[in-house]
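These notes concern the structure reproduced below.
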Amino acid sequence: MVHKKHAGPPQVLLGPLGGGLSEARSSGGALIELTGIERVFTLGDSEVHALATLDLAIDSGEYVAIMGPSGSGKSTLLNLLGLLDHPNAGVYRLEGRDVTTLSADEQARVRRERIGFVFQSFHLVPRLTAAENIALPLMLAGIDPAERSRRVDKTLQDFGLANRADHRPDQLSGGQRQRVAIARATIMRPAMILADEPTGNLDRATGEEVVHLLESLNAGGVTLLMVTHDAALGARARRRVMMEDGYKVSDGA
Amino acid sequence: MTPTDTLRFASRAATGYPLRTALMVLAMSIGVAAVVVLTALGDGARRYVVNEFASLGSNLVIVLPGRSETGGFNPANAITETPRDLTVEDAQALTRAPAVLRTAPLTVGTSEATYGGKLRDVTVVGAGADYLKLRRMELAQGRFLPAEEPNAAVAVIGAKIQSDLFGIESAIGRILRIGDRRFRVIGVLGQSGQGLGMNADEIVVLPVAVAQAMFNTNTLFRILVEAKNRALLEQAKVQTLEILKARHDGEEDVTVITQDAVLATFDRILGTLTYGVAGIAAISLAVAGILVMNVMLVAVTQRTGEIGLLKALGAEGAAIRNAFLAEAALLSATGAIVGYLLGQAGAFALRTAMPTLPAYPPDWAVIAALVTALVTGLLFGVMPARRAARLDAVQALSKR
Ligand SMILES: Nc1ncnc2c1ncn2[C@@H]1O[C@H](COP(=O)(O)OP(=O)(O)OP(=O)(O)O)[C@@H](O)[C@H]1O
Ligand SMILES: [Mg+2]
């Protein structure tokens, strides 16, 4: 992992399409609108600029791959977008609303209703069955059990997991686990799915299946943001955001 | 998250880690069981004493020679010379008090009884003819000391003396040697069971004058006075004191106590003992509480990734805190219930082993133990639960 100090003026590193494009997008009713985002980690007396002077606008329904070398700030960006982390400076507008100033509980509500996470390491609760893992967001939202099981059953069908409903994560393959995780991320019908290297722990074929699944969800209208190291996977996205040392260095098709 | 879901989630978490859960339930249950068993023992002892006293008869006034010091220092007493002895005549005088039904002068000593080559130590009680009725004792055979012959060389023996010295042969009419004197046995006392203070099965009752002669004394150990009824108990006490004061040249040199006072003292002492024992046992509950805290802290560390996930899925801090609190509460509630059952089983075992001891845990102790277990569990669960709720989501998620 590379820890670097603030490297210099952002303009130097900006790609040819960078600034212009995001400005154009932010003028419309963008789903996501980041302006002047800074994220600084302090380690002892050294500062790590995980994100610097970041502007980014993403419309509803987009399919964006976030790419870049290790330590370039991809995960930090995704965490910020998912309201798990807070910028040191800048404004984050989600669906037109400034969400950086929301209280912790209000942010939790936004996460619950508008954002779905997919992680590299799946993050399933080991003692709960596939169905129970998928039902977690519904439970946290206080949806009544009858409605919950109806929606979980439907989702299990849709994701081809019906015969795995009562299996615990350790009884599932990696691909099945990630499918459960994706089912869980979508069950609240969020506006966007944030996937941080969703294929990182999977073999190529299984990884491709998972990406196809995510893409089909995107085709259904969900905004998809996916961090990936894999150039081939990145190439499938309609838009690629390249990161380096906390700066966005390119952004486009 | 609805309360039902919180509870279900917490119970799934508790059953998901059986060893940890079992450990915590055990610690909590030992604490509760200790309170239940120890208070059962303490309160059993108290009840036993109270019952024993009640069976002695509750209309009794007891006269002791000498001024009691329990009343605190009284300068009037300081100048009193050695107190006058209690005598048989004093006891007789007391029967004339209007509130008094009967009296029993009492002198007590030990001696050896021999019959047919067999020898054993006996407690010799010198008493009057009214002693039997006053103590509510029964005769198994024969009759009690005759009132009309206060100097007769006759004896009434306890059931154990009968069986030890005479076996199955009736003692009535036999000559029993006590010390160097010979007595004709005229009665055998009924089996009294384990009595308080003095075991009536192992005594030999002689006419008080004879016993005094035997022990070469004029004084009495006690005078037992029975009031005509319970309402007259206080009057009997006052009249007893007046009469004895008059007979002792105006000197108040005796102590007059009622059963109630003795009973209340014992009740208080043993009650305090029970509280003390309960307090000591409660310390183990506090220790269990600290264990709860540590186990829950370990649980929070163990499940950091899960907490991060719940946050990512939109759980509010309160939902996570409540889930962990509910888990602590469930564990301590289970511990409390298991402990209660263990404690009751222990008390039952005590009662089986010692049938005379009414070893039932008092209600207050049971309630206090259960409440303390729940409260400590919750109290010590708060800190870990808050820590869980405050975890940074990103860092929690990256932990694995
Ligand atoms: N909690 C933290 N404390 C200190 N530094 C951090 C922290 N989180 C991230 N960083 C630093 O911020 C920078 C960006 O990290 P980030 O995890 O976003 O990188 P990434 O692009 O996701 O890398 P990778 O591809 O390896 O996952 C790195 O230099 C990293 O060391
Ligand atoms: Mg990363």
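Annotations
Yes/no matrix, rows are residues, columns are (1) buried (at least 21 other Cβ atoms within 10 Å of the Cβ); (2) over 12 Å from the mean Cα position of the chain (by Cα):
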site: B:THR4; (1), (2): no, yes
site: B:LEU19; (1), (2): no, yes
site: B:LEU23; (1), (2): no, yes
site: B:MET28; (1), (2): yes, yes
site: B:VAL36; (1), (2): yes, yes
site: B:TYR48; (1), (2): no, no
site: B:ASN51; (1), (2): no, no
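- Among the residues examined, A:ASN79 qualifies as of a type in the set (S, T, N, Q), within 16 Å of the chain's Cα centre (by Cα) and surrounded by 15 or more Cβ atoms within 10 Å (Cβ to Cβ).
- Here A:ASP245 meets each of (1) under 18 Å from the mean Cα position of the chain (by Cα); (2) within 16 Å of ligand 2 (Cβ to nearest atom) with one exception, condition (1).
- Every residue from the stretch A:106-122 that is more than 11 Å from A:ALA185 (Cα to Cα), at the interface with chain B (Cβ under 7 Å from one of its Cβ atoms) and in contact with a Gly (Cβ under 7 Å, 6 or more places away or on another chain): A:ALA108, A:ARG109
- Scan of the stretch B:80-138 for residues that are of a type in the set (S, T, N, Q) and in a loop (DSSP other than H, G, I, E, B), ordered by number: B:THR80, B:THR82, B:THR87, B:THR95
- Residue match in the stretch A:33-46 (condition: of a type in the set (Phe, Trp, Tyr), in a strand (DSSP E or B), within 16 Å of ligand 1 (Cβ to nearest atom) and under 26 Å from A:ARG184 (Cα atoms)): no
- Within the stretch A:1-21, the presence of a residue that is at pLDDT 95 or above, within 14 Å of chain B (Cβ to nearest Cβ), within 16 Å of ligand 2 (Cβ to nearest atom) and not in a helix (DSSP H, G or I) is excluded.
- Condition check for B:GLU169: in contact (Cβ under 8 Å) with a residue 24 or more places away in the chain and not small (Gly, Ala, Ser): no
- Unmet criterion (only one of (1) crowded, with 18+ Cβ neighbours inside 10 Å; (2) away from every other protein chain (no Cβ under 14 Å)) for A:ILE193: (2)
- Whichever residue in the stretch A:146-204 is of a type in the set (S, T, N, Q) and within 16 Å of ligand 2 (Cβ to nearest atom) and, among such residues, is farthest from A:ILE32 (Cα to Cα): A:ASN201
- For the stretch A:154-174, taking the residues that are surrounded by 18 or more Cβ atoms within 10 Å (Cβ to Cβ) and under 23 Å from A:LEU194 (Cβ atoms), the one that is nearest to the other protein chains (Cβ to nearest Cβ) is identified as A:PRO169.
- Condition check for B:VAL277: more than 14 Å from every other protein chain (Cβ to nearest Cβ) and either touching a Pro at 6+ places or on another chain (Cβ under 7 Å) or buried (at least 19 other Cβ atoms within 10 Å of the Cβ) (or both): yes
- Among the residues here, A:GLY90 does not qualify as assigned to a strand (DSSP E or B), under 30 Å from A:GLY175 (Cβ atoms) and more than 8 Å from chain B (Cβ to nearest Cβ).
- Scanning the stretch B:135-154 for residues that are more than 33 Å from the chain's Cα centre (by Cα) and either charged (D, E, K, R) or not assigned by TED's automatic domain parsing to the domain that holds B:PHE166 (or both) yields a total of 3.
- Scanning the stretch A:125-143 for residues that are at negative phi, facing chain B (nearest Cβ under 8 Å) and assigned to a loop (DSSP other than H, G, I, E, B) returns A:VAL125, A:PRO126, A:ARG127, A:LEU128, A:ALA141.
- Each residue in the stretch B:220-252 was checked for being touching a helix residue (DSSP H, G or I) at 6+ places or on another chain (Cβ under 8 Å) and outside any helix (DSSP H, G or I), and 9 pass.
- Every test in (1) in a helix (DSSP H, G or I); (2) within 14 Å of another protein chain (Cβ to nearest Cβ) is passed by A:ARG151 save one, and that test is (2).
- Answer residue from the stretch B:360-400, given it is outside any helix (DSSP H, G or I) and within 16 Å of ligand 1 (Cβ to nearest atom) and is nearest to B:GLN344 (Cα to Cα) among those: B:LEU391
- Test: A:LEU83 is at positive phi and either within 14 Å of chain B (Cβ to nearest Cβ) or near ligand 1 (Cβ under 8 Å from one of its atoms) (or both): yes
The values are calculated or read from the model by the stated rules, or taken from the named source; none is laboratory data. Given the structure is predicted, the values throughout are model-derived calculations rather than measurements. Don't worry about glycine lacking a Cβ; one is built from the backbone with ideal geometry, like all the others, and counts go over all protein chains shown.
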